[in-house]
1. Starting from residues that are of a type outside the set (A, V, I, L, M) and in contact with a helix residue (DSSP H, G or I) (Cβ under 7 Å, 6 or more places away or on another chain), keep the ones in region 79-94 and report whichever is most open to solvent (accessible area, probe 1.4 Å).
2. Scan (1) crowded, with 22+ Cβ neighbours inside 10 Å; (2) free of Cβ contacts under 8 Å to residues at least 24 places away in the same chain; (3) of a type in the set (A, V, I, L, M) for the single condition Val48 breaks and write down its number.
3. Could you give every pair whose Cβ atoms fall below 8 Å, whose first residue belongs to region 22-42 and is in contact (Cβ under 8 Å) with a residue 12 or more places away in the chain and over 12 Å from Ile52 (Cα atoms), and whose second residue is assigned to a loop (DSSP other than H, G, I, E, B) and among the aromatic types (Phe, Trp, Tyr), counting only separations of at least 6 or pairs across chains?
4. Considering only region 107-122, state which residues are open to solvent by 80 Å² or more (accessible area, probe 1.4 Å) and at pLDDT below 65.
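The values are calculated or read from the model by the stated rules, or taken from the named source; none is laboratory data. Values in this document were obtained by computation on a predicted structure and should not be read as measured data. Using ideal geometry, Cβ is built from the backbone for each residue, glycine included, and neighbour counts are taken over all protein chains shown. The accessibility values were calculated without ligands, DNA or RNA, using every heavy atom of the protein model including side chains. Shrake-Rupley method; radii C 1.70, N 1.55, O 1.52, S 1.80 Å.
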Amino acid sequence: MYFRNEHHRQAFREGMKKTNRKDKETVSAVYLLSAEPCLWRRAKQASVYGKILLNNVRLSGITEDGYILLGAAKDIKYGTKYLTLGDLSDRSLVSPKIYKLISQALQLRRCGLAAVQEVKRGRV
């Protein structure tokens, strides 16, 4: 599984302790939100009973990457259209690393954690 850095890996593991692993949309959102430290702090503040209320995440002061990651999380979780295919293909807007994070989140949404773990073991 691809992580932006070690902080992202640790934050994701922390977030998964309180997340239903069968809820693929929430797993994807936790993965994206935990990639950006400021965004992750705000997401935890917007959590109620283990659910992250994405519309309650404060936007002030987050980075451009954080804004893109939050938009992608909302698109995956709620079916909104914050990011278009044109946005994703624009390297000046979405860096290759952020694109890779969003791609990994889409795989999590589609297949869940089990598929990612199977790939890691070389079974898929």
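1. If we take residues in region 79-94 being of a type outside the set (A, V, I, L, M) and in contact with a helix residue (DSSP H, G or I) (Cβ under 7 Å, 6 or more places away or on another chain), then Lys81 is most open to solvent (accessible area, probe 1.4 Å).
2. So the condition that Val48 fails would be (1).
3. Going by the 8 Å Cβ cut-off, the qualifying pairs are Ala35/Phe3.
4. Result: Lys120, Arg121.
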